[in-house]
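Trainee: Would you mind keeping the following structure in view while I ask a few things?
The values are calculated or read from the model by the stated rules, or taken from the named source; none is laboratory data. Please read these numbers as outputs of a predicted model, since none were measured by experiment. Cβ placement follows ideal geometry from the backbone for every residue including glycine, while neighbour counts extend to all protein chains displayed.
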Amino acid sequence: MALQQHQQHRAAPEPHRGYGETWAKTILMGEHSVVYGYPAIAVPIMSLRMRAWAVPVRNGRPGTLRALGYYGPLAGAPDQFGGVLKAVEVAREFAGYPDQEFDIVTRSDFPAGRGLGSSAAASGAVIRAIVDAAGVQAGHDDIVAMTNSAEVVTHGHPSGLDAVTICGDDPVRFVNGTMTSIDVRMPAYLVIADSGIAGSTKEAVDAVRREYERDYDRVHDILERLGDLAAHSADDLRDGGLNSLGRRMNRAHALLSELHISHPKADAMVEQARRSGAVGAKMTGGGLGGCIIALAADLSSARTIRHDLLALGVPAVWIHPLNQLDVEVDRELSNNPSVGNTRFNTPDSEGAGDVRNTADDRDISGARTSDARNTVEERGAL
């Protein structure tokens, strides 16, 4: 887009400190097959936030980045931050400040490398922070497009699903770049459990692509069946088909395992969740570690699954209502809105990037406490 289109919308003549946020996502059905044009179902986890601040540099020095334990020059950040660097580049260009340096800080409620969309969430939050700093308006489609350009750097061949979900409000059916919101009519819960093992989406996508090229007929059939399961899962969500959705989740996990992208620990967690009463359970995201998801019929069942997974030694478990309007209210969460907000990548107190006590942070945290009540995180021993 031409820069002059955005310069006329500036709210301030010079950049100021900007703030942006996105959130986690989980893929309910359709990971990997979505890359090949089949549908996928994704659920935003809005209580697990990714926050970013962009502070304009005034003295001519290079900008800095503080994220995931790294603090140093933005231009000298390790390769793992390539997507964030691209996000900074496209956001500055969009905002009409291509040469403006920023100090960038990110803070996350969820870990990276677990299939929860952390790379897209970080890029999207940074983009929103820079756009906010510049005082320009960016629509949802603008944010998604810029986030996708950053995801290409991170993952090589992203489907675009993460970029859509980390800044959207509703579960979505996604196919070939087209998103359709799903009206969920299923008063059930997702239990999301972290294996503690960081997976690489790019590595997993590349592995499936190699399998696809080497054994086309077999892998094509698996991907087609995964896409079919995802398509019917959208109907289950709309119709309240709890048991049929659970069966589809179980079948999807078996098919993903045939692609060799699950992990023994994830498999053990899936089996434990099923023994503990899950209607269905499967890996989620790229695989090779990361998280699993389990479908629970009610809050009591979700808590039992959470308890048993923690006893298995997983480092973190979250409970998320699929339909936030119809599910039972969790009194424990309502009385403790901070539950589920364990911080990852929290900036320390040194340097210009320290933003923990800013008014923006207080205002956003206060405005979002109702979201935090919708997800539980419990931490156990590895």
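Trainee: Where in segment 61-142 are the strands (runs of 3 or more DSSP E), entirely inside, with at least 1 residues that are more than 15 Å from the chain's Cα centre (by Cα), of a type in the set (S, T, N, Q) and more than 27 Å from VAL205 (Cβ to Cβ)? Give the derivation first.
Mentor: Numbers: elements: 64-67, 70-73, 102-108.
The strands (runs of 3 or more DSSP E) meeting that bar are 64-67.
Trainee: Is it the case, given these coordinates, that ARG66 is modelled with pLDDT of 95 or more, under 18 Å from GLY18 (Cβ atoms), touching a helix residue (DSSP H, G or I) at 6+ places or on another chain (Cβ under 8 Å) and buried (at least 18 other Cβ atoms within 10 Å of the Cβ)? Show your work before the answer.
Mentor: Values: modelled with pLDDT of 95 or more: yes; under 18 Å from GLY18 (Cβ atoms): yes; touching a helix residue (DSSP H, G or I) at 6+ places or on another chain (Cβ under 8 Å): no; buried (at least 18 other Cβ atoms within 10 Å of the Cβ): yes.
So ARG66 does not fit the description; no.
Trainee: Moving on to the next point. Can you say whether ALA278 is crowded, with 24+ Cβ neighbours inside 10 Å, assigned to a helix (DSSP H, G or I), at pLDDT 95 or above and not charged (D, E, K, R), as far as the supplied structure shows?
Mentor: Working: crowded, with 24+ Cβ neighbours inside 10 Å: yes; assigned to a helix (DSSP H, G or I): no; at pLDDT 95 or above: yes; not charged (D, E, K, R): yes.
Against the criterion (crowded, with 24+ Cβ neighbours inside 10 Å, assigned to a helix (DSSP H, G or I), at pLDDT 95 or above and not charged (D, E, K, R)), ALA278 does not qualify.
Trainee: Something else about it: List every residue pair whose Cβ atoms sit under 6 Å apart, with the two residues 6 or more apart in sequence or on different chains, where the first one lies in segment 49-69 and is under 14 Å from GLY124 (Cβ atoms) and the second, anywhere, is at pLDDT 95 or above and among the acidic types (Asp, Glu).
Mentor: Between residues of segment 49-69 that are under 14 Å from GLY124 (Cβ atoms) and residues that are at pLDDT 95 or above and among the acidic types (Asp, Glu), the close pairs are ARG49/GLU21; ARG51/GLU21.
Trainee: Ok, one more. Regarding segment 4-18, can at least one residue be identified that is at pLDDT 95 or above and either under 16 Å from SER119 (Cβ atoms) or in contact with a Leu (Cβ under 7 Å, 6 or more places away or on another chain) (or both)?
Mentor: Scanning segment 4-18 turns up no residue that is at pLDDT 95 or above and either under 16 Å from SER119 (Cβ atoms) or in contact with a Leu (Cβ under 7 Å, 6 or more places away or on another chain) (or both).
Trainee: Exactly one condition in (1) of a type in the set (Asp, Glu); (2) surrounded by 20 or more Cβ atoms within 10 Å (Cβ to Cβ); (3) at pLDDT below 95 is false for ASP99; which is it?
Mentor: If we test ASP99 against (1) of a type in the set (Asp, Glu); (2) surrounded by 20 or more Cβ atoms within 10 Å (Cβ to Cβ); (3) at pLDDT below 95, just (2) comes out false.
Trainee: Which of the following residues is farther than 30 Å from GLU224 by Cβ and in contact with a strand residue (DSSP E or B) (Cβ under 6 Å, 6 or more places away or on another chain): ILE27, ILE104?
Mentor: Values: ILE27 fails: farther than 30 Å from GLU224 by Cβ.
Only one candidate qualifies: ILE104.
Trainee: Taking the stated definitions as given, is LEU288 in contact (Cβ under 8 Å) with a residue 60 or more places away in the chain, within 20 Å of the chain's Cα centre (by Cα) and surrounded by fewer than 24 Cβ atoms within 10 Å (Cβ to Cβ)? Give the steps one after another, and end with the answer.
Mentor: Numbers: in contact (Cβ under 8 Å) with a residue 60 or more places away in the chain: yes; within 20 Å of the chain's Cα centre (by Cα): yes; surrounded by fewer than 24 Cβ atoms within 10 Å (Cβ to Cβ): yes.
In short, yes.
Trainee: If you take the residues of segment 149-162 that are buried (at least 21 other Cβ atoms within 10 Å of the Cβ) and touching a Gly at 6+ places or on another chain (Cβ under 6 Å), which of them is farthest from SER33 (Cα to Cα)? So that I can check it myself, show each step before the final result.
Mentor: Residues of segment 149-162 buried (at least 21 other Cβ atoms within 10 Å of the Cβ): 150-151, 154-155, 158-162.
Checking which are touching a Gly at 6+ places or on another chain (Cβ under 6 Å) leaves us with 150, 154, 160, 162.
Details: ALA150: 21, THR154: 19, GLY160: 13, ASP162: 14 Å.
Per the criteria, the residue is ALA150.
Trainee: Just a yes or no: is a residue in segment 114-126 closer than 20 Å to GLU14 by Cβ, in contact with a strand residue (DSSP E or B) (Cβ under 9 Å, 6 or more places away or on another chain), touching a residue at least 40 places away in the same chain (Cβ under 8 Å) and not acidic (Asp, Glu)? Show your work before the answer.
Mentor: From segment 114-126, those closer than 20 Å to GLU14 by Cβ are 126; that's our starting set.
Next, only the ones that are in contact with a strand residue (DSSP E or B) (Cβ under 9 Å, 6 or more places away or on another chain) stay: 126.
Add one more test, that the residue is touching a residue at least 40 places away in the same chain (Cβ under 8 Å), and what stays is 126.
With not acidic (Asp, Glu) added as a condition, the list becomes 126.
Yes, that holds for at least one residue.
Trainee: In this structure, is LEU309 surrounded by fewer than 24 Cβ atoms within 10 Å (Cβ to Cβ) and farther than 15 Å from TYR189 by Cα? Break it down into steps so the answer makes sense when it comes.
Mentor: Working: surrounded by fewer than 24 Cβ atoms within 10 Å (Cβ to Cβ): no; farther than 15 Å from TYR189 by Cα: yes.
Criteria not met by LEU309.
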